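Worksheet: one structure, shown below.
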Amino acid sequence: MWTRKIAGFAAIALLGSTLFGPSAVADQGHGLPLGPADLPESRDVQVLQPGVTLTTIIRGEADPALGWTVEIAVPRGADDPDPDAPPTAIADQAHAQTLADALSDSGFSPRVEEVTTPRVADYAGGTLGYRVRIAFEHDKATADAVLAQVKAAGYTASTVYTGWDGAGTDRGPWRVQVLTIDPKRFHGKLVGDFGPDIERRETTSSLAQAQGATAAVNAGFFVLDPASGAPGDPAGLGVYNGQLLSEATNGRPVFAFTDNGRHADVDRYRWVGTVRSGHEKLTLDGIDRVPGMIRNCGGTADDLPTNNPLHDTTCTDADEVVAFTPQYGASTPTGPGVEAVLDRHGTVTGVREPRGGALAAGERSVQATGKQADALRAMAAPGTRLTIDSHLVDERGHTARTPEMVVNGGPELVRNGRPHATPQADGMVRPGDPSFYYGWAAKRNPRTLAGVDGHGRILLATIDGRAVDSLGLSIPESAAVADALGMVNAINLDGGGSTTMVVDGQVINHPSDATGERPVGDAILVLP
């Protein structure tokens, strides 16, 4: 492994042109667009294998203007249409002021702060709402002591670091790590990998170790809570070695690539699936997931509350038809309904009621629930042959060739060389719930980004966050950083506690979960 530390951009530009062709990580002479322009920035470049480099960027410095504060959740109030609605992080000014007045009466010294967010490609930004905070301390322990007093007075609150708010004046620091795969020099393989089966989660490091990967990053969103489906199931499109194993969150962006690293892009697909027997046809609702639960929504027209993408929401549909492949797991989901078990030729070998059970080698199945159970039962008698069709439709409405590898994500960050964040289209803007956008997109969090630059190189980046030594990025900042790194098309992958980068079997970033590295749904692996 070759490594050298470089401070200053003329040096790294020369290094890039000498060893790798054009600079693998663009800096445009100004460093990353984070904080004031005068911040220090260093870059360390390592060659991991031919055609694969790791660049570690440290920008900024400890900022004495940042510290810990106590943020109090704002009750909706008696005049809210839903009196049982829980407190929110931000609210309208009137509710925030009512809370501040109550805190003052309890002996505290609150402040009401307006929360604003920048305009992005499909969201106007502006004022999101107002938050209520108490105290400002340079050490967390002192802030936690204030928090205890606030909670003892009957309020819902938490301690937060002001550096996570996203102010452009913050001096950092930020820790950014970028894998660059140059197809002209890369002779390994680049794969999406979910582990032994779809339904279970694995850590990125264990996935990397199992395949002997040189490097890896976590990939798409996935089901985390058993109440929302099978933990580990991709919450969006998943294609692995050309096999379509998870349906699209219709219309949301994905990162598609070939295993030789020569082609990659950010695309948007819709998914269509059917099961047929003679002249009879049923429309599929999904692949390899628990029927009735559609994580991140974006499914069929009868899903509730919407068939549009809605992030971190589980839509429901009582009447579904879902196909299962051998990659799903040891057993298909159990529950009311009907399941037709098919051999490798598509012939029905058995019908299970209730649904659920093991699949033998080479077997597939189709499950139906609710009103669809009668329809499947009628067309799936033992000995009948069922034909399952599953394909993608591109943005122009044409049937698309299934890519070799696809991992889900969102929002889009860069399009055609310009920052182009699309949180509204991709379901991160919840109507009537500005607190979700505040916490998920406007505030800084750990992020994992993927994209392709103007030379066809694939860039996979992790940005640590939820820490004082790396602040993380907001979604607008993520778009700006992806652009500054040279990505001409880029997407946000799963972040937060999922953000992980592995090199030579070791986790090299700092995952933010208190328990350490988080098991995930899938990962992108760089193989020798």
Exercise. With θ set to phi - 60°, apply the Karplus curve 6.51 cos²θ - 1.76 cosθ + 1.60 along segment 478-487 and write out the HN-Hα couplings as whole Hz, x wherever there is a Gly or Pro.
Key: 4, 5, 5, 5, 4, 4, 5, 6, x, 6
Quiz item: For segment 205-213, in order, what is each residue's ³J(HN,Hα) by Karplus, 6.51 cos²θ - 1.76 cosθ + 1.60 with θ = phi - 60°, in whole Hz (x at glycine and Pro)?
Solution: 5, 5, 4, 5, 5, 4, 9, x, 6
Quiz item: Quick one: how many Å² of residue 138 are accessible to a 1.4 Å probe, rounded to 10?
Solution: 130
Practice problem: Compare the Cα positions of 507, 391, 527 along the charge dipole of segment 391-528 (+1 at Cβ of Lys, Arg; -1 at Cβ of Asp, Glu; about the Cα centre) and return the one farthest towards the positive end. | Solution: 391
Quiz item: Just how large is the dipole of segment 118-205 about the Cα centre, in debye to the nearest 20, putting +1 at every Lys and Arg Cβ and -1 at every Asp and Glu Cβ?
Solution: 200
Practice problem: First obtain the Kirkwood hydrodynamic radius of the chain from its Cα pairs, then insert it into the Stokes-Einstein equation at 20 °C and 1.002 mPa s, and state the resulting D in µm² per second as a whole number. | Solution: 88
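Keeping the other protein chains in place, figure out the carbon and sulfur percent of the accessible area of segment 433-484, with a 1.4 Å probe.
On the way: 550 of 1000 Å².
Accessible surface attributable to carbon and sulfur in segment 433-484 totals 55 percent.
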Exercise. Could you tell me the convex hull volume per residue, in Å³, taken over the Cα atoms of segment 177-259?
Key: 120
Exercise. Quick one: pull the percent of accessible area on segment 139-277 belonging to carbon and sulfur, 1.4 Å probe, ligands and nucleic acids left out.
Key: 48
Quiz item: Per q in 0.28, 0.30, 0.31, 0.33 1/Å, what log10 I(q)/I(0) does a Debye calculation on the alpha-carbon atoms of segment 106-152 return?
Solution: -1.02, -1.09, -1.12, -1.16
Exercise. List every residue whose amide H lies under 5 Å from the amide H of residue 189, counting only residues 5 or more places away in sequence or on a different chain, with H placed 1.01 Å from N in the peptide plane.
Key: 527
Self-check item: Solvent exposure, largest accessible area first (probe 1.4 Å, DNA, RNA and ligands not counted), of 187, 420
Solution: 187, 420
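Could you order 293, 501 so the one with the most accessible surface comes first? Probe is 1.4 Å.
Working: 293 45, 501 0 Å².
So, going from the largest accessible area down, we get 293, 501.
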Quiz item: Ignoring ligands and nucleic acids, what accessible area does residue 377 show with a 1.4 Å probe (Å², nearest 10)?
Solution: 100
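Over the chain, with the other protein chains present, what is the accessible area per residue in square angstrom, probe 1.4 angstrom? Spell out each step's value before the answer.
Working: 20890 Å² over 528 residues.
In whole numbers, the chain has 40 Å² accessible per residue.
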Quiz item: For 371, 189, 443, what's the largest-to-smallest order of accessible area, 1.4 Å probe?
Solution: 371, 189, 443
Quiz item: About its Cα centre, how strong a charge dipole does the chain have in debye, to the nearest 20, once Lys and Arg get +1 and Asp and Glu get -1 at the Cβ?
Solution: 1340
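Summarise the accessible area of segment 294-356 (1.4 Å probe, protein heavy atoms) by the percent that is carbon and sulfur. Don't jump to the answer; show the numbers that get you there.
Details: 1330 of 2480 Å².
Of the solvent-accessible surface of segment 294-356, carbon and sulfur hold 54 percent.
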Quiz item: In what sequence, highest mean first, do 155-161, 494-500 appear when ranked by Cβ atoms within 10 angstrom?
Solution: 494-500, 155-161
Self-check item: 3J(HN,Hα) from dihedral phi, segment 49-59, Karplus parametrisation 6.51/-1.76/1.60, rounded to Hz, x for glycine, proline
Solution: 6, x, x, 10, 10, 10, 10, 9, 10, 10, 10
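The values are calculated or read from the model by the stated rules, or taken from the named source; none is laboratory data. For clarity, every value in this text was computed on a predicted model and none was experimentally measured. Glycine gets a Cβ as well: all are built from the backbone with ideal geometry, and neighbour counts include every protein chain shown. Accessible surface is based on the protein model in full, side chains and every heavy atom, while ligands, DNA and RNA are left aside. Shrake-Rupley method; radii C 1.70, N 1.55, O 1.52, S 1.80 Å.
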